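Chemist: What follows is a structure written as structure tokens; I'll ask about it next.
The values are calculated or read from the model by the stated rules, or taken from the named source; none is laboratory data. Fair warning: this is a prediction, and the values are worked out from it, not measured in the lab. So basically every Cβ, Gly included, is an ideal-geometry build from the backbone, and we count neighbours across all protein chains shown.
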Amino acid sequence: MTPSKSTKLISVIIPMKNEADNVRELYRQLARVFASLPQYRYEFIFVDDGSTDKSVRVVQALERRDPKVRLVRLARNFGKEIANTAGLHKAKGRAAIMLDADLQHPPAVIPDLLQKWQEGYDIVIGRRSSNKHHANFLKRLSSRWFYRLINRISSIEIMPNATDFRLLDAVVINEFRRFTEHNRMTRGLIDWLGFSRAYVDFVPAKRLHGQATYNYAALIQLALSTVVSLSFFPLRLAGYLGVFIIITSGSLGVFVIIERFILNDPLSLHISGTAILAIILLFMIGIVLACLGLIALYIADIYGEVVNRPLYVEKRRLD
Ligand code: UDP
Ligand code: MG
């Protein structure tokens, strides 16, 4: 373990899209928090994700006043996952903290994150202890089912209520930089990495100004890409279904052949030609689906090779 992590640089990464009304208040709160933590140096990395409002100008004004403020500008809107990734690529700190620009992730929790880090954890995850301000009933319900599903079909454990509000040690960030996939959920990839993790509960605040940009369509999109990137189960599903159909229609077919054509209908079922045709068709559909599942196995293999994840992740490389 590292002896002491004091006087280390901490990077705070803030993805923002049209957050002009929130940025100044966020900066004020962050500056206040770090003023009470003199044992750390800090940099605030605002990642502008194609804002169309005054966000950039507000940050530029802060940048002129405070050299610890850095602005990273993406050329267009790439989505929060990529914005966070860009921030992690630029972070120079001994640890980085990602937090939303809308003040839903209260900066006052930062000392707790740092405390856990100080205790030796590599990843400290902010866990929502209440969903009240975060989402309506439908969003909460779908989120719960989503986590249930993803934990069932994926080998990586993903904690419900775990948010993007988290601290990463530089070791973790270094490993994170090796990911090359385009379609990504930052959180899921971090969970994939492993490392020692601690949780800090926080009550999410209400969004200060503006509207959450993640609507249902965007959330479904994110959920789908998470499932696809962390699990091959949906791919195999067609194959399983095909095998199931082959077995049932196959045994039905054998039964019909024996009953009708070999034993001459001792049960007097009078199975019609149409019924036999249906069984044959079903059997063929089963074969097609099973073949799809077979192809899926190869696609899964190709996917695994193409995203080119690190083969393994070492626990300690710095120091
Ligand atoms: N955000 C972003 N790019 C986007 C959408 C959102 O960088 O395309 C930022 C946004 O400015 C905020 C954070 O991601 O800092 C969370 O977004 P939001 O509050 O809209 O989502 P939610 O609170 O529902 O997670
Ligand atoms: Mg929000």
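Chemist: Looking at segment 80-95, I want the residues that are under 15 Å from E175 (Cβ atoms) and have a partner that is within 13 Å of ligand 1 (Cβ to nearest atom) and among the hydrophobic types (A, V, I, L, M, F, W, C) with Cβ atoms under 8 Å, at least 6 apart or on another chain. Which pairs are those?
Modeler: L88/I13; L88/M98; A91/I13; A91/I45
Chemist: I've got another one for you. Any idea how many residues of segment 238-273 are of a type in the set (A, V, I, L, M) and within 19 Å of M284 (Cβ to Cβ)?
Modeler: 11
Chemist: Hey, another quick one. I'm told I271 meets every condition in (1) surrounded by 13 or more Cβ atoms within 10 Å (Cβ to Cβ); (2) more than 34 Å from the chain's Cα centre (by Cα); (3) modelled with pLDDT of 90 or more except one. Can you identify the failing condition by its number?
Modeler: With (1) surrounded by 13 or more Cβ atoms within 10 Å (Cβ to Cβ); (2) more than 34 Å from the chain's Cα centre (by Cα); (3) modelled with pLDDT of 90 or more applied to I271, the lone miss is (3).
Chemist: Okay, moving on. May I ask you to list the residues in segment 190-222 that are farther than 21 Å from Q115 by Cα and in contact with a Ser or Thr (Cβ under 8 Å, 6 or more places away or on another chain)?
Modeler: Scanning segment 190-222 gives a single hit, L219.
Chemist: Is it true that I257 is away from ligand 2 (no atom under 16 Å from the Cβ) and at pLDDT 90 or above?
Modeler: Spelling it out, I257 is indeed away from ligand 2 (no atom under 16 Å from the Cβ) and at pLDDT 90 or above.
Chemist: Kindly indicate the residue of segment 195-216 that is closer than 23 Å to M16 by Cα and among the polar types (S, T, N, Q) and also surrounded by the most Cβ atoms within 10 Å (Cβ to Cβ) among those meeting that condition.
Modeler: Within segment 195-216, the match that is surrounded by the most Cβ atoms within 10 Å (Cβ to Cβ) is T213.
Chemist: Out of all the residues in segment 119-155, which are among the aromatic types (F, W, Y) and in a loop (DSSP other than H, G, I, E, B)?
Modeler: Here is the first cut: in segment 119-155, the ones among the aromatic types (F, W, Y) are 121, 137, 145-147.
Hit for segment 119-155 is Y121, nothing else.
Chemist: Return yes or no: is S196 modelled with pLDDT under 85 and more than 16 Å from ligand 2 (Cβ to nearest atom)?
Modeler: No; evaluated as a whole, the condition is false for this residue.
Chemist: Might you check whether a residue that is β-branched (V, I, T) and closer than 23 Å to Y27 by Cβ occurs anywhere in segment 133-151?
Modeler: no
Chemist: Tally time: how many residues in segment 156-182 are without any contact (Cβ under 8 Å) to a residue 40 or more places away in the chain and not in a loop (DSSP other than H, G, I, E, B)?
Modeler: Total meeting the criteria: 1.
Chemist: Here's something else I'd like to know. Taking Q104, is it loosely packed, with under 15 Cβ neighbours inside 10 Å and either of a type in the set (S, T, N, Q) or within 16 Å of the chain's Cα centre (by Cα) (or both)?
Modeler: no
Chemist: Considering only residues that are in contact with a Gly (Cβ under 8 Å, 6 or more places away or on another chain) and within 16 Å of ligand 2 (Cβ to nearest atom), which ones fall in segment 40-66?
Modeler: We begin by selecting, within segment 40-66, every residue in contact with a Gly (Cβ under 8 Å, 6 or more places away or on another chain); these are 42-43, 45, 47, 49.
Across segment 40-66, the qualifying residues are V47, D49.
Chemist: Might you let me know whether segment 217-232 holds any residue that is on the phi < 0 side of the Ramachandran plot, touching a Lys or Arg at 6+ places or on another chain (Cβ under 6 Å) and assigned to a loop (DSSP other than H, G, I, E, B)?
Modeler: no
Chemist: Among the residues of segment 169-179, is there at least one that is basic (K, R) and buried (at least 19 other Cβ atoms within 10 Å of the Cβ)?
Modeler: Within segment 169-179, not a single residue is basic (K, R) and buried (at least 19 other Cβ atoms within 10 Å of the Cβ).
Chemist: While we're looking at this one, here's another question. If only one of L219, L235 is modelled with pLDDT under 85, more than 16 Å from ligand 2 (Cβ to nearest atom), hydrophobic (A, V, I, L, M, F, W, C) and surrounded by 13 or more Cβ atoms within 10 Å (Cβ to Cβ), which one is it?
Modeler: L235
Chemist: When you scan segment 26-118 for helices (runs of 4 or more DSSP H) that lie fully inside it, which ones turn up with 3 or more residues that are in contact with a helix residue (DSSP H, G or I) (Cβ under 8 Å, 6 or more places away or on another chain) and within 16 Å of ligand 1 (Cβ to nearest atom)?
Modeler: Result: 55-65, 80-90.
Chemist: Please state which one of V109, V124, V72 is without any contact (Cβ under 8 Å) to a residue 60 or more places away in the chain and either touching a strand residue (DSSP E or B) at 6+ places or on another chain (Cβ under 7 Å) or buried (at least 17 other Cβ atoms within 10 Å of the Cβ) (or both).
Modeler: Going through V109, V124, V72 in turn, just one is without any contact (Cβ under 8 Å) to a residue 60 or more places away in the chain and either touching a strand residue (DSSP E or B) at 6+ places or on another chain (Cβ under 7 Å) or buried (at least 17 other Cβ atoms within 10 Å of the Cβ) (or both): V72.
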